[in-house]
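Right, one structure below, let's go through it.
The values are calculated or read from the model by the stated rules, or taken from the named source; none is laboratory data. The model shown is predicted, which means the values in this text are computed figures rather than measured ones. Reconstructed Cβ throughout: ideal geometry from the backbone, glycine too, with neighbour counts over all protein chains shown. Please note that ligands, DNA and RNA were not included when accessible areas were found on the heavy atoms of the full protein model with its side chains. Shrake-Rupley method; radii C 1.70, N 1.55, O 1.52, S 1.80 Å.
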Amino acid sequence: MSKNQQQSSSVAITLAALPCTFLLLAPAVLAADAEDPAVAELTRTKSEVEVGTGYVSQDSYKFGEFNGLQQKGAFGIGNFDLLGGGGYDSDSTVRWRLRGNDLGLDTRDLEVSYRDQGKFRVEAGYDQFRWNQSDSYQSPYQGLGSANLTLPAGWIRPVVPQLSPTQLNYRSLDPVAGAGSVISPSGAVVGPNAAQRATLASIVAADAGAFRHFNVHAERKRGDLGFALNLTRSLELSASVRHETRTGTSLIGAVTSAIRENSVELPDLIDTVTDQWKLNLEFSRPRYFLHAGYYASLFSNNVKGISWQDPNDPTAVARFASAPSNQFHQVNLTGGISFSPAARLTADASYGRARQDDVLLSDASLPLGLPEGSADALVITRTGNLKLNLRPLPRLGVQARYRYDYRDNRTPVRTFVFYDVNMPRAAANSSFNGALGLPPGTLGSNVAIFADRPQSKKVNEADLDADYSLGRQRLSGGYDWQKIERWCGHSWYGCVNARESIERTLHADWHADLLDSLSVRAGYAYGERRVHYDPNAWLALVPMANVIPGAPTVGATTSVYGYLQQTGLTGWGPALPFPTVPLTGDAAIFSPGNNIVPQSLYGSRDNVSELPGMRRFNLADRNRDRARFSLDFDPTERLSLQTNLEFDKDDYNHSIYGLLRDQTWSGSVDASFAINDRLIASAFISHEDLRALTRGDGYTTNTNAAFVGRPGNTLVSGGCYATVLEKNTNGKIDPCLIWTAESRDRADTLGLSLLKKGLMKSRLDLGGELTFSRQRTDIAVNGGSYANNPFALPGAPVLPPGTPAILFIPAADLPPVTTRTFTLRLQGRYALSRRADLRLFYWYERLKAVDFAYDGLQLGTGTEQLPTLEQPWDYSVHVFGAAFSYRF
């Protein structure tokens, strides 16, 4: 059945069910008609049924991202809210409710409840949710939507043959970009010859022609069932279960060949089941209560991993694992007691166990296999909260709170030995064959020897707040304190950058009703976070950093860790240029040329050490300012004004690199005016401004190379140095390679609405809403990078006198990213009778986004990333609908 047929069926089912619903409810409807309307209004519950149909003018995943209206065509409107049981003027305590919303869409939900007040209640529910991620994604892979992705049988490795007949280059997928001229080894500009053009044509035909659309979306379905039973007047037993399934796909980036970081973007398969169970027993009395509970979450993933062929070498297959199945069980206890009307104490505590022992993905190419078949992960959590509320004076309230959260990760630490994705063993030998008890030559120098790092955390928080009333004014303030400790229990070295962080916050708030029609509120908070930061926490990831390198390294007297301890350095090494006098001993081994510690000396091919002064923003020292202001003004019964202003600033004052500062301010004004009892107008405007400043260093390697290509090519244009030798010897500390990026996001929104009631003898109400929003992101960049003159080649003539061999290219600001959205909603409700209405609505929305990031996803624009051909969002959608509702 097609999607259009499914939608038509849903409409038909909704409409067909309506007569049956009315037949079931006919006795209640007839009884309601026989009663006095005024009495029925006060004593009887009100039920409503709404049924109708609508139409969407255009397919758009962005328009229907979360609302279920992603597809062109008809959809059903089905809503109902049925209530029953004893009337409010009867002796019956039985009540029931049956409610449903959006029954004709993928966002439908249903709920049913039945209760006998003071005795028991039973509840059940179902809801469905769909996330539409992309309808412009394209890929050459076959089997999209499955766990096994393969390339077409005729796939040809994309190369630009006139540049390199073997090196992967996706620019060849576009016939114009792939046929561009290149510089030959002799320095001549040449285009592809006839044979190379034929190769390019075959690549375009075989590979570019294989791209196909695939709609990326995910769906969640959730069912709930619960009950509560009053065992006595003071004791209640309750339980519930929730069953949730998630299916579909979501885009994820993956590396297909780590040799040159070639990457793909794939639709990751989703097929999970989560069951949540709750069991609670609560005893309550007027002055105290006690609650005991049990909670369990059982997560099962039916997808163990995704495999895909490497576009660079279809004989090679890569895999990544999906989220592992796991379980979490928790018991909790909560209680509270009122010592007096002015003093109340509440407390809660919980104990939980999270277990994950899914089978790890293995690979025959792993040189030593896996150390264990499962992570055997276990995390114990203990939490506690204590809160005391006091009112020592009629105008003074005090609240004190303490929170404790302990996460004990008992997962074993194990060492994993592997080569990066699709990477063959290097010819050179690893320095750690002997340390691992292996014969010489077993592992190559490009092997990765990594350990997992199970992190534990302990949080202590204490808050003290007070408020004091001064008639029409109220003052409040407080002090918040938080301490977080982090560690890995079995790692050989402290695995966390911030083993301890302490944050202190002072805040104050003033609220005043200055006039009967005017109230004002202002608040300010200042916080400081201070962190004990360890820039060498990366050592825990590489256990060979604590082992003296063996052959082929000769002469080392200590390990990487020992060398850093002796010198006080980090893995980045000394902040020095290339040495004028050759280094000797351990310095020549661990900081050759005053450069970073070679990765092979700690069993890695990836540089995992950190740049000195680099701080992760969530673990860095920070000063925070927050200010709030609001005003409510109601000068007349018909006019109402509200204003809000907010300001936030985070200053990472001790960070040299990374996020240095971010700040946000926003403001809004809302106004509502009742022109008369039947005509109401309202408007709002808001502005939001976010700014962030980031700094980094694009340092290179110190060398003593004095020319590029051939002797005589020695000049540098721009940058901080005049010659190739000066530039290369200072590559690591070149200040011109330090860059900054300042981003600014602005969002403006304007909204207008108008409601007219009581037209056509009070039978017709009309309303309309208009909203316009505009978002813009600007990223200003300072700094730059060096590039070799493409004509400075070993086989080409020496450059003419005065011609630079290296050029410094200043960074340029990125193109702005903009999104504009216009929305118009019109609706009318016509009263056919006292109980029946006809509702008509119209919805128009226009969105256009301009984003340079999508430019790099097209054919011929990238060299190492498989294009997806995705497009920025751009739609213009009309939605029409009509629905009939009946109340009884």
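What single numbered condition from (1) in contact with a Ser or Thr (Cβ under 7 Å, 6 or more places away or on another chain); (2) surrounded by fewer than 17 Cβ atoms within 10 Å (Cβ to Cβ); (3) hydroxyl-bearing (Ser, Thr, Tyr); (4) part of a loop (DSSP other than H, G, I, E, B) fails to hold for Ser609?
(2)
Search the range 81-108 for residues that are without any contact (Cβ under 8 Å) to a residue 60 or more places away in the chain and of a type in the set (Ser, Thr, Tyr) and pair each with any residue that is in a strand (DSSP E or B) and open to solvent by less than 50 Å² (accessible area, probe 1.4 Å) when their beta-carbon atoms are under 7 Å apart and the residues are at least 6 apart or on different chains.
Ser92/Gly85; Thr93/Asp116; Thr107/Gln128; Thr107/Arg130
Listed here are the residues, each with its yes/no results for (1) over 17 Å from Thr863 (Cα atoms); (2) open to solvent by less than 40 Å² (accessible area, probe 1.4 Å); (3) in contact (Cβ under 8 Å) with a residue 40 or more places away in the chain.
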residue: Ala177; (1), (2), (3): no, yes, yes
residue: Gly180; (1), (2), (3): no, yes, no
residue: Pro185; (1), (2), (3): yes, no, yes
residue: Ala194; (1), (2), (3): yes, no, no
residue: Arg197; (1), (2), (3): yes, no, no
residue: Ala201; (1), (2), (3): yes, no, no
residue: Ala206; (1), (2), (3): yes, yes, yes
residue: Asn215; (1), (2), (3): yes, no, yes
residue: Asp224; (1), (2), (3): yes, no, yes
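From the list Ala674, Ala747, Ala706, which one is without any contact (Cβ under 8 Å) to a residue 24 or more places away in the chain, open to solvent by less than 70 Å² (accessible area, probe 1.4 Å) and of a type in the set (Gly, Ala, Ser)?
Ala706
So which of Leu770, Leu725 is under 25 Å from Asn595 (Cα atoms) and crowded, with 16+ Cβ neighbours inside 10 Å? Show your work before the answer.
Working: Leu770 fails: under 25 Å from Asn595 (Cα atoms).
Just one listed residue meets the conditions, Leu725.
Answer with yes or no whether Arg829 is in a strand (DSSP E or B) and either more than 35 Å from the chain's Cα centre (by Cα) or not aliphatic (A, V, I, L, M) (or both).
Spelling it out, Arg829 is indeed in a strand (DSSP E or B) and either more than 35 Å from the chain's Cα centre (by Cα) or not aliphatic (A, V, I, L, M) (or both).
For Leu438, indicate whether it is open to solvent by less than 50 Å² (accessible area, probe 1.4 Å), of a type outside the set (Val, Ile, Thr) and at pLDDT below 95.
When the stated conditions are applied, Leu438 passes them.
Report the residue count in the range 60-76 for those that are more than 18 Å from Glu219 (Cα to Cα) and in a loop (DSSP other than H, G, I, E, B).
1
Report whether or not Ser501 is more than 29 Å from Gly613 (Cβ to Cβ) and of a type in the set (Ser, Thr, Tyr). Spell out the reasoning first.
Values: more than 29 Å from Gly613 (Cβ to Cβ): no; of a type in the set (Ser, Thr, Tyr): yes.
For Ser501, the condition - more than 29 Å from Gly613 (Cβ to Cβ) and of a type in the set (Ser, Thr, Tyr) - is not met.
Could you look through the range 530-565, keep only residues that are part of a strand (DSSP E or B) and either out of contact with any helix residue (DSSP H, G or I) (no Cβ under 7 Å at 6 or more places or on another chain) or open to solvent by 30 Å² or more (accessible area, probe 1.4 Å) (or both), and pick out the one that is nearest to Thr442 (Cα to Cα)?
Our first condition is that a residue be part of a strand (DSSP E or B); within the range 530-565, this holds for 530-533.
Filter once more, so that each one left must be either out of contact with any helix residue (DSSP H, G or I) (no Cβ under 7 Å at 6 or more places or on another chain) or open to solvent by 30 Å² or more (accessible area, probe 1.4 Å) (or both): 530, 532-533.
Numbers: Arg530: 46, His532: 41, Tyr533: 38 Å.
The qualifying residue nearest to Thr442 (Cα to Cα) is Tyr533.
For the range 280-296: of the residues being touching a residue at least 40 places away in the same chain (Cβ under 8 Å), open to solvent by 70 Å² or more (accessible area, probe 1.4 Å) and assigned to a strand (DSSP E or B), which is farthest from Tyr351 (Cα to Cα)?
Tyr288
Condition test on Arg391, is it open to solvent by 50 Å² or more (accessible area, probe 1.4 Å) and part of a loop (DSSP other than H, G, I, E, B)?
Details: open to solvent by 50 Å² or more (accessible area, probe 1.4 Å): yes; part of a loop (DSSP other than H, G, I, E, B): no.
No, not satisfied.
Suppose the filter is open to solvent by less than 30 Å² (accessible area, probe 1.4 Å), in contact with a Gly (Cβ under 7 Å, 6 or more places away or on another chain) and not in a helix (DSSP H, G or I); does Gly571 pass it? Walk me through it before giving the result.
Details: open to solvent by less than 30 Å² (accessible area, probe 1.4 Å): yes; in contact with a Gly (Cβ under 7 Å, 6 or more places away or on another chain): no; not in a helix (DSSP H, G or I): yes.
Criteria not met by Gly571.
Quick one: which of Tyr404, Tyr419 is surrounded by fewer than 16 Cβ atoms within 10 Å (Cβ to Cβ), out of contact with any His (no Cβ under 8 Å at 6 or more places or on another chain) and of a type in the set (Phe, Trp, Tyr)? If you could, list the steps in order and put the result at the bottom.
Values: Tyr419 fails: surrounded by fewer than 16 Cβ atoms within 10 Å (Cβ to Cβ).
Answer to the check: Tyr404.
Here's a check for you: in the range 76-104, which residue that is in contact with a Gly (Cβ under 6 Å, 6 or more places away or on another chain) and of a type outside the set (A, V, I, L, M, F, W, C) is nearest to Val122 (Cα to Cα)? Write out each step before concluding.
Going through the range 76-104, the residues in contact with a Gly (Cβ under 6 Å, 6 or more places away or on another chain) turn out to be 76-78, 80, 92, 94-96, 103-104.
Now narrow it down to the ones that are of a type outside the set (A, V, I, L, M, F, W, C): 76, 78, 92, 95, 104.
Numbers: Gly76: 29, Gly78: 24, Ser92: 17, Arg95: 11, Gly104: 26 Å.
My answer is Arg95.
Which condition number does Leu370 fail, the rest of (1) of a type in the set (A, V, I, L, M); (2) open to solvent by 40 Å² or more (accessible area, probe 1.4 Å); (3) part of a strand (DSSP E or B); (4) under 30 Å from Phe450 (Cβ atoms) being met?
For Leu370, the failing item is (3).
Inspect all residues belonging to the range 129-139 and state whether any of them is open to solvent by 20 Å² or more (accessible area, probe 1.4 Å), in contact with a strand residue (DSSP E or B) (Cβ under 6 Å, 6 or more places away or on another chain) and in a loop (DSSP other than H, G, I, E, B).
Checked against the condition, which is being open to solvent by 20 Å² or more (accessible area, probe 1.4 Å), in contact with a strand residue (DSSP E or B) (Cβ under 6 Å, 6 or more places away or on another chain) and in a loop (DSSP other than H, G, I, E, B), the range 129-139 yields no hits at all.
Scan the range 839-857 for residues that are surrounded by 16 or more Cβ atoms within 10 Å (Cβ to Cβ) and either aromatic (Phe, Trp, Tyr) or free of Cβ contacts under 8 Å to residues at least 24 places away in the same chain (or both) and jot them down.
The answer is Phe841, Trp843, Tyr844, Tyr854, Leu857.
Considering the range 85-118 alone, what residues qualify as being touching a Ser or Thr at 6+ places or on another chain (Cβ under 7 Å) and either more than 25 Å from Ser876 (Cα to Cα) or open to solvent by 30 Å² or more (accessible area, probe 1.4 Å) (or both)? Spell out the reasoning first.
Step one: of the range 85-118, the residues touching a Ser or Thr at 6+ places or on another chain (Cβ under 7 Å) are 85-89, 96-97, 103-104, 116-118.
Listed by number, the residues that qualify are Gly85, Gly86, Gly87, Tyr88, Asp89, Trp96, Arg97, Leu103, Asp116, Gln117, Gly118.
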